[in-house]
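Asker: Questions regarding the structure given below will be posed in turn.
The values are calculated or read from the model by the stated rules, or taken from the named source; none is laboratory data. On a predicted model such as this, the values are computed, not experimentally measured, just so you know. Here the Cβ positions follow ideal geometry from the backbone for every residue, glycine too, while neighbour counts run over all protein chains shown. Heads up: the accessible areas ignore ligands, DNA and RNA and are worked out on the full protein's heavy atoms, side chains in. Shrake-Rupley method; radii C 1.70, N 1.55, O 1.52, S 1.80 Å.
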Amino acid sequence: MAANDQYVVDILRDLGLVTQEDIERATALIGTDLKIKGIVDALIKIGVITELQVTQALANQFGMDVITLSEHKVADDVIQSVPSHVARRYQIVPVFKHENTITVALSNPMDVDTLDSLRYILKCNVEGMVSTKSEIEKALTQYYGSADDAIESIMGKIGHEVTDDDITLRGGADEGGPVSEGDAPIIKLVTAMIVQAVKMRASDIHVEPLEKKLRVRYRIDGYLHEIENPPKRLQASIISRLKIMSNMSIAEKRIAQDGRIRINVADKQFDLRVSDIPTAHGESIVMRILDKKSMLVGLPQLGFFSDDQATFERLITLPDGILLVTGPTGSGKTTTLNSCLNFINRPDKKLITVEDPVEYVLAGVNQVEVREEVGMTFAAALRSILRQAPNVIMIGEIRDLETAEIAINASLTGHLVFSTLHTNDAPSAITRLLDIGVKPFLAASSIRAIMAQRLVRRICERCKESYAPTDAEQRFMGLTPDQAATTAFYKGRGCNECNRTGFRGRLGIYEIFVITDDVQKLIYERVSAHVLRKSARELGMRTLREDGVRKAVAGLTTPEEVMKTTAADVD
């Protein structure tokens, strides 16, 4: 008989709850039933004493309170204070939380090691109450449930079995250490979420802790779609798993962190750029899915019409000068610049990029990653790479005067420079450069062209059908009723191929502002962006809205999509 078991039997005998005869009958039963683990279990089995009586006797002996978990409703914030794998491992249920103290229910008050371990793991004071084993098991299922239900729901949408072998972590090892049996469902769930996003062509995965739920959304073709959310009780475990996969510190929850995940799906490799930031209800994680093959697109696939493509190809093959691509975050600027580099990348030219960070590895291109913590800023990298004698330089973004001046000097000394700016339209880029301190004559003499761009959703070819535009859409496109009657417009009905949205994929709409001699004179005079825009239109520049209307008339997108994307476009 185990020492603890004997101790409990002695307590029960001293209290008059069992007799020596009862003990002998129970002892004879041990060995005949494999489910019986000791004399106390045997006493309960033959009906001499109940599990509740044993629990109350032990609680009285150690001066602890008894709690009936089936009659007590535990608050969600209390359950969330103890991760599922910890509660299951130590067979405890948190029942109260006050300031820095958590009270847990356990079945064996003699197990002082459990409370000590919990104090170390939870980094707070832990007190105990006593409950029966069966009550604790029911409560664990009630409050923590099983990750299997959430997994099966998500796996059902993916349509095939996913294992953690699909994930290849940076460095090739899981720095989280060995995986326990309780962690395995979480690994499967997180893997399923990522694989599902890749298969649905998502560009981002957003894992957002809200007050009463953990929201998961995928950005598909520029729009966020909420999927079936994992249970809130799994929030801590999911966030920890993602941080381990991204090589982040799981102990640090007060500051923002960045990391990377490498994943193979259907023999294709994807890189996930991971951002973690603390919020009011936990840590929010956004994963940017980077598909290397999606960057290897030609200029026609970007959405250029033949006339704009001819103009753009002429500009990117100039021997020197600056070509700027402008637009908000997520408007496809990086894709456009990489397509430019692919177009002009030949063995007789040396191409160098300075990026923060390097998102896609381009064959034959020297790519430098900005690392400000060690002094490798955009400006420092640019000063160094000019001594590498490149023909073409691509700067991820012009953020300050120092970077702008180096880029301009490079363009004036025989280099072709590509870069981006965050402005709403093409002419505003000139104003932006002058505002940060660039001298007007330097801007006028170095910049060859500025292209603003946006992305609109492409109509799904599988469910594409014609329709009659509304009066508002006709006015927006500047069509007369007769013109609208003779022009075919299309929209997507919605099918499984496009996830019932009517759209599949995106294409660009563009505004190409070529710097002519007349425009240079206006830049010398520091005129406003409005005057520059008016002059550019007089010289033939097509606006974002006008290019979008052309593509709606051509049946590539819908008038409504162009209206929403160019709502801020100034005529």
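Asker: Step through the residues of the range 213-226 one at a time and calculate ³J(HN,Hα) from phi using the Karplus curve (6.51 cos²θ - 1.76 cosθ + 1.60, θ = phi - 60°), rounding each to whole Hz and writing x for Gly and Pro.
Answerer: Per residue, the Karplus-derived 3J(HN,Hα) values read 7, 9, 8, 10, 10, 10, 8, 10, 6, x, 10, 7, 10, 7 Hz.
Asker: Further question: Could you list, by residue number, the cysteines of the chain that have no other cysteine's beta carbon within less than 4.7 Å of their beta carbon?
Answerer: Cysteines lacking a close Cβ partner in the chain: Cys124, Cys340.
Asker: Using amide H atoms built 1.01 Å from N in the peptide plane, name the residues 5+ places from Thr326, or on other chains, whose amide H lies under 5 Å from its own.
Answerer: Amide H to amide H, under 5 Å and 5 or more residues apart or across chains, Thr326 pairs with Leu421, Met451, Ala452, Gln453.
Asker: Using Cα-Cα distances under 8 Å and only pairs 6 or more residues apart, what relative contact order does the chain have, in percent?
Answerer: On the way: 941 pairs, mean separation 47.9, N = 571.
Normalised by residue count, the contact order of the chain is 8 percent.
Asker: Same structure again: If amide hydrogens are placed 1.01 Å from N in the peptide plane, which non-local residues have theirs closer than 5 Å to the one on Arg458?
Answerer: Residues meeting the criterion, in which the H sits 1.01 Å from N, are Arg504, Gly505, Arg506, Leu507.
Asker: In addition: Quick one: length gained pulling Val358 to Arg526 fully straight, 0.36 nm per residue minus the C-alpha distance? Numbers along the way, then the final one.
Answerer: Values: separation 168, 0.36 × 168 = 60.48 nm, distance 3.51 nm.
Between Val358 and Arg526, full extension yields an extra 57.0 nm.
Asker: So, one more: Tell me, what is the per residue accessible area of the chain in Å², probe radius 1.4 Å? Please report the intermediate quantities before stating the final value.
Answerer: Working: 27470 Å² over 571 residues.
Ligands and nucleic acids excluded, the result is 48 Å² per residue.
Asker: Highest mean first, how do 499-508, 207-216 rank when packing is the count of other Cβ atoms within 10 Å averaged over residues?
Answerer: Values: 499-508: 18.8, 207-216: 16.6.
Result, highest mean first: 499-508, 207-216.
Asker: Mind jotting down a quarter of the surface of the convex hull over the alpha carbons of the range 323-372, in square nanometres, one decimal? The partial results should precede the final answer.
Answerer: On the way: hull surface 16.1 nm².
For the Cα atoms of the range 323-372, the hull's average projected area reads 4.0 nm².
Asker: Per DSSP H run of n ≥ 4, the term is -39500 (n - 2.57); total these for the chain, divide by its residue number, and report the mean residue ellipticity at 222 nm rounded to 500 deg cm²/dmol. List each step's numbers first, then the result.
Answerer: On the way: 23 runs with 221 residues, N = 571.
When only DSSP H runs of four or more count, the value is -11000 deg cm²/dmol.
Asker: Check Leu214: other-chain or 5+ apart residues with amide H under 5 Å from its amide H, H built from backbone geometry?
Answerer: Lys232
Asker: When P(r) over Cα pairs in 10 Å bins from 0, in percent is calculated directly from the model, which label among (i) 3, 14, 19, 18, 15, 11, 7, 6, 4, 2, 0, 0; (ii) 3, 14, 20, 21, 18, 12, 7, 4, 1, 0; (iii) 3, 18, 29, 27, 15, 6, 2, 0 fits?
Answerer: Read-out from the structure maps to (i).
Asker: Quickly rank 393-401, 340-348 as a protection proxy: mean count of other C-beta atoms within 10 Å, highest first.
Answerer: Sorting 393-401, 340-348 by mean packing, highest first, produces 393-401, 340-348.
Asker: Which whole-number percent is the relative contact order of the range 441-571 (Cα, under 8 Å, 6+ apart)? Write out the running numbers ahead of the final one.
Answerer: Details: 190 pairs, mean separation 45.6, N = 131.
Once divided by the residue count of the range 441-571, the mean separation gives 35 percent.
Asker: Would you kindly state how much longer the chain becomes between Glu369 and Gln61 on full extension, computed as 0.36 nm times their sequence separation minus their alpha carbon distance, in nm to one decimal?
Answerer: Working: separation 308, 0.36 × 308 = 110.88 nm, distance 6.56 nm.
Stretched fully, the Glu369-Gln61 segment lengthens by 104.3 nm.
Asker: Assuming R0 = 22 Å, what is the FRET efficiency of Asp76 and Asn264, from their Cβ-Cβ distance, to the nearest 0.05? Spell out each step's value before the answer.
Answerer: Details: r = 37 Å, r/R0 = 1.68.
Plugging the Cβ-Cβ distance into 1/(1 + (r/R0)^6) gives 0.05.
Asker: Once phi is turned into θ = phi - 60°, what whole-Hz ³J(HN,Hα) does the Karplus curve with 6.51, -1.76 and 1.60 give for every residue of the range 70-78, x standing for Gly and Pro?
Answerer: After applying 6.51 cos²θ - 1.76 cosθ + 1.60, I find 5, 9, 10, 8, 8, 5, 4, 5, 6 Hz.
Asker: Out of Thr326, Gly282, Thr413, whose Cα points farthest toward the positive end of the dipole of the chain (charges: +1 Lys, Arg; -1 Asp, Glu; placed on Cβ)?
Answerer: Of the listed residues, the answer is Thr413.
Asker: Set the Förster distance to 30 Å, then compute FRET efficiency between Asn125 and Glu51 from the Cβ-Cβ distance, nearest 0.05.
Answerer: Values: r = 29 Å, r/R0 = 0.95.
Efficiency, from the Cβ-Cβ distance: 0.55.
Asker: If you take the beta carbon distance between Gln483 and Lys564 as r and set R0 to 25 Å, what does 1/(1 + (r/R0)^6) give as a FRET efficiency, to the nearest 0.05?
Answerer: Numbers: r = 22 Å, r/R0 = 0.89.
Step by step, r from the Cβ atoms, then E = 0.65.
Asker: Take the alpha-carbon centre of the range 216-268, take the same for the range 527-553, and report the distance between them in whole Å.
Answerer: Comparing the Cα centres of the range 216-268 and the range 527-553, I get a distance of 41 Å.
Asker: Determine the gain in length on full extension of the stretch Asp10-Glu226; use 0.36 nm per residue of separation and subtract their C-alpha separation, reporting nm with one decimal.
Answerer: Numbers: separation 216, 0.36 × 216 = 77.76 nm, distance 5.85 nm.
Full-extension gain reported as 71.9 nm.
Asker: Mind listing the phi-derived Karplus ³J(HN,Hα) values for the range 297-308, rounded to whole Hz, using 6.51, -1.76 and 1.60 with θ = phi - 60°, and x for any glycine or proline?
Answerer: Karplus-based 3J(HN,Hα) across the range 297-308 equals 10, x, 4, x, 6, 6, x, 6, 7, 4, 5, 5 Hz.
Asker: With charges set only on the Cβ (+1 for Lys and Arg, -1 for Asp and Glu), what does the dipole of the chain come to about its Cα centre, in debye to the nearest 20? Can you show the working numbers first?
Answerer: On the way: 69 positive and 78 negative charges, 424 e Å.
Charge dipole, the chain, about its Cα centre: 2040 debye, nearest 20.
Asker: Right, something else. Could you check the simple spin-label distance between Asp320 and Arg550, using points 7 Å along Cα→Cβ, in nm with one decimal?
Answerer: 3.1 nm
Asker: At 7 Å along Cα-to-Cβ for each site, give me the label-to-label distance between Asp111 and Glu497 in nm.
Answerer: Going by the 7 Å Cα→Cβ label model, 5.8 nm.
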